[in-house]
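The values are calculated or read from the model by the stated rules, or taken from the named source; none is laboratory data. Fair warning: this is a prediction, and the values are worked out from it, not measured in the lab. Here Cβ is always computed from backbone atoms with ideal geometry, including for glycine, and neighbour counts include all displayed protein chains. SASA here: full protein model, heavy atoms, side chains in, ligands and nucleic acids out. Shrake-Rupley method; radii C 1.70, N 1.55, O 1.52, S 1.80 Å.
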Amino acid sequence: MEKLTNDLKALQGVGLFDAAEKINPENLALDAVRVNMSRRPFRDCAYGGTYDWSQSTANAILYLPVPPNTRGRSLSCKIARKTFTFGLKGEKAWIDGPTGGEVDSSLSTWTLENGLVEVTLTKKQHGEWEFPVKAE
């Protein structure tokens, strides 16, 4: 905490903060992202493989590789309060199971870019999850 206080004082001295601002490091909410979480297998993925995930206290983020030339409209991604389902439309889901905690599905999102789907599961209760989706 002392180092953080000194760093903040140094930043105030270089004009990044108004001199009148009072910064109290005790009031800062630090939300570090944990990366390199354990790899999780695709249960029924047509081409095998694993996916990576990371988390902060507010979100769990899944990084799901998909076959080359996969388009977003060919994917099925269902984010519910306590479950997550992902795969190709019309096929058996690759991932289907309960999430590591309750999800705010209205704030959760997914995107596809360069063969990688990034799913952000927004946690209802901030904290750490043991797993993103439990394989059944």
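Counting just the residues of the range 82-103 that are in contact with a strand residue (DSSP E or B) (Cβ under 6 Å, 6 or more places away or on another chain) and of a type in the set (D, E, K, R), which one comes out modelled with the highest pLDDT?
So the residue we want is Lys82.
Please state which one of Ser106, Ser76 is modelled with pLDDT of 95 or more and not in a loop (DSSP other than H, G, I, E, B).
Ser76
I'd like to verify a number: residues in the range 102-135 that are without any contact (Cβ under 8 Å) to a residue 60 or more places away in the chain and open to solvent by 20 Å² or more (accessible area, probe 1.4 Å), how many?
18
I'd like the full set of residues that are open to solvent by less than 40 Å² (accessible area, probe 1.4 Å), under 26 Å from Lys123 (Cα atoms) and not β-branched (Val, Ile, Thr), limited to the range 65-79.
Of everything in the range 65-79, those that are open to solvent by less than 40 Å² (accessible area, probe 1.4 Å), under 26 Å from Lys123 (Cα atoms) and not β-branched (Val, Ile, Thr) turn out to be Gly72, Leu75, Ser76, Cys77.
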